[in-house]
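Structure first, then comments.
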Amino acid sequence: MKTSATAFSPVANYINGAAINDPLPSMDVISPLDGTVISKVPLSKRETLNKAVESAQKAFPAWSGQTLKERVQVFFRFRQLLEKNLEELSKLIVAENGKTLDEARAEVFKGMELCEFTCSLPQIVRDEVQEVSQGIECRTSHHPLGVVASITPFNFPHMVPMWTIPNALALGNCMIVKPSEMVPLSMQRIAQLLSEAGLPPGVFNIVNGDRQIVEAICDHPDIKAVSFVGSTRVAKIVYQRAGSNLKRVLCMGGAKNHLIVLPDANTEISAANIAASMSGCAGQRCMAASAMVGVGKVDHIVAAICEEARKIVPGENLGAVITAEAKARIERYIDEAEREGAKILVDGRNVSVPGQEGGFYVGPTVIDYVRPDMKIAQEEVFGPVLSIMRTDDVDEAIRIENASPYGNAASVFTQNGKMADYVTERVSAGMAGVNIGVPVPREPFSFGGWNESRFGVGDITGHSSIGFWTQLKKTTTKWNPEAWKDWMS
């Protein structure tokens, strides 16, 4: 495999505010755009993690000793640096992940929004105090956990880390991040910008690697909490292993998001939203619309979806999927659905982009007359593929959605407000939408699914994240010597 002309320097671990280039085994970082090697990433050992944790432990007393208002000043500056370096950060995402430049920019803008929420924490995290009895006061205060860890996926090399890094650090913790070994470049640049923003050495550390480092994080006795974003299969493993070591754990898994489309839905809005939801980020997002349930006479909407899908061109407004193996897996799902009797309306198999023939591209694919028992209707495909199922009954559509083991998102397309409420109240999903293909809550509302799309309590962003990254102390004080005896004596 050849090296790209736009190759980057080898990735380093980042410990105590400095790049660490220990002699370690490494693996190639391959750009999905053209299949070329663009960098190398170290496969760290447990000893590297131990050094990072020691660095974080040393930094913790001084960092947690600052006030919340003092700590968030770093993130005011960091957010400005994200904006200043928008184009560079976006191009890094494109190179390592294969997204379009517009999608990469949107990812960085979302990172800015997440930082804005972090900067508002002093107005949100309010300790409570109350005189509960004459001369007796009760007070609550939020305290950081200590050293925490975040394990992040390949599909959003910038945004998903921003789900956890700003809030966890601003709330007083020190952090170890293990990025996906397939997309380590963005995280390296984030570390540099955090340092430039004034984050003290040791507060934020990066340990690159593969499964061995994930297991080491789950096992390390001095890591108090672990967040994970990735597939449901691995989320279960991380949740069980880290939990068995008595850590606080929150794992976000996969999804099979259903869009329930009623005949009265606005054709233009529905088609545009569904096609964009299916194909955005090449379908490699846990909020992608991968399953549509058409209720009744929706042929006109299906035709419009196909028309929109044909406007989506690989290499132009559709990015690559992450690996050659991912491309082959997605196309196997399509092949199997066709063999089992589904009808391919728009076929994205065997795509090649001129000038980037070595890239990993799957075109937008729309498959009609999929049965709920087919594998493509049940499993997460993680590609630009929409499977359409048919029913004449909205309750049957809801039953199809409820039967999925996942529960990330579900949407309904209709112009009937009463029917919209009926569906959104009954779908088994943590995030519901009406006439929107990607019902991601905006800050300060939190991100998180149900069922096998989330393991742990609470959500990973917004208000809900505060409880995950802190613990409450309750202090009771007596200042009334006259009330010498009561139930609190």
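Things worth noting here:
- Single match in Ser64, Ser55, Ser39 (criterion: in contact (Cβ under 8 Å) with a residue 60 or more places away in the chain, in contact with a strand residue (DSSP E or B) (Cβ under 8 Å, 6 or more places away or on another chain), among the polar types (S, T, N, Q) and assigned to a strand (DSSP E or B)): Ser39
- Scoring Gly417 on the criteria (1) in contact (Cβ under 8 Å) with a residue 60 or more places away in the chain; (2) more than 16 Å from the chain's Cα centre (by Cα) leaves a single failure, condition (1).
- Per this entry, Val427 is counted among residues that are buried (at least 17 other Cβ atoms within 10 Å of the Cβ) and not assigned by TED's automatic domain parsing to the domain that holds Gln134.
- Of the residues in region 240-247, not one is touching a residue at least 60 places away in the same chain (Cβ under 8 Å) and in contact with a strand residue (DSSP E or B) (Cβ under 7 Å, 6 or more places away or on another chain).
- Screening Val362 on (1) part of a strand (DSSP E or B); (2) within 18 Å of Ser279 (Cβ to Cβ); (3) among the hydrophobic types (A, V, I, L, M, F, W, C) shows it passes everything except condition (1).
- Inter-residue pairs, beta-carbon under 9 Å, first outside the structural domain of Lys45 (by TED's automatic domain parsing) and among the charged types (D, E, K, R) and in region 203-232, second surrounded by fewer than 24 Cβ atoms within 10 Å (Cβ to Cβ) and part of a strand (DSSP E or B), 6+ apart: none
- For region 115-138, the count of residues that are small (Gly, Ala, Ser) and in contact with a Cys (Cβ under 9 Å, 6 or more places away or on another chain) is zero.
- Ser279 meets all of the listed conditions (1) assigned to a helix (DSSP H, G or I); (2) under 28 Å from Val74 (Cβ atoms) but one, namely (2).
- Boolean, Pro61 is modelled with pLDDT of 95 or more, touching a Ser or Thr at 6+ places or on another chain (Cβ under 6 Å) and of a type outside the set (Phe, Trp, Tyr): no
- Wholly enclosed strands (runs of 3 or more DSSP E) of region 99-202 bearing at least 1 residues in contact (Cβ under 8 Å) with a residue 40 or more places away in the chain, closer than 20 Å to Trp63 by Cβ and in contact with a Lys or Arg (Cβ under 8 Å, 6 or more places away or on another chain): 136-144, 147-151
- On the stretch given as region 430-472, residues that are of a type in the set (D, E, K, R) and either in the same structural domain as Pro405 (by TED's automatic domain parsing) or modelled with pLDDT of 95 or more (or both) total 3.
- Residue match in region 287-302 (condition: under 20 Å from the mean Cα position of the chain (by Cα), closer than 22 Å to Glu96 by Cα, buried (at least 19 other Cβ atoms within 10 Å of the Cβ) and outside the structural domain of Glu96 (by TED's automatic domain parsing)): yes
- Residue that is farthest from Arg371 (Cα to Cα), among those in region 323-358 that are within 28 Å of the chain's Cα centre (by Cα) and hydroxyl-bearing (Ser, Thr, Tyr): Thr323
- Scanning region 69-95 for residues that are farther than 30 Å from Cys281 by Cβ and surrounded by fewer than 16 Cβ atoms within 10 Å (Cβ to Cβ) yields Lys69, Glu70, Gln73.
- Every residue from region 394-411 that is in a loop (DSSP other than H, G, I, E, B) and either of a type in the set (Ser, Thr, Tyr) or out of contact with any strand residue (DSSP E or B) (no Cβ under 7 Å at 6 or more places or on another chain) (or both): Ser404, Pro405, Tyr406, Gly407
- Qualifying residue in region 174-187 (condition: out of contact with any helix residue (DSSP H, G or I) (no Cβ under 8 Å at 6 or more places or on another chain), over 17 Å from Lys51 (Cα atoms) and in the same structural domain as Ala235 (by TED's automatic domain parsing)): yes
- Cβ-Cβ contacts under 8 Å between residues 6 or more apart (or on different chains), taken from a first residue in region 445-458 that is in contact (Cβ under 8 Å) with a residue 60 or more places away in the chain and over 18 Å from Gln240 (Cβ atoms) to a second residue that is among the charged types (D, E, K, R) and part of a loop (DSSP other than H, G, I, E, B), are listed as Phe447/Asp459; Gly448/Asp459.
- Test: residue in region 276-291 that is farther than 20 Å from Ala409 by Cβ and out of contact with any strand residue (DSSP E or B) (no Cβ under 7 Å at 6 or more places or on another chain): no
Residues are listed down the side, and each one gets a yes or a no for (1) more than 30 Å from Ala377 (Cα to Cα); (2) of a type in the set (Val, Ile, Thr):
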| position | (1), (2) |
| --- | --- |
| Ile206 | yes, yes |
| Gly209 | yes, no |
| Ile217 | yes, yes |
| Val238 | no, yes |
| Ala242 | yes, no |
| Lys256 | no, no |
| Leu262 | no, no |
| Ser277 | no, no |
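The values are calculated or read from the model by the stated rules, or taken from the named source; none is laboratory data. Predicted model, so just to flag it, every value in this text is computed and none were measured. Positions of Cβ are backbone-derived with ideal geometry, glycine not excepted, and every protein chain shown enters the neighbour counts.
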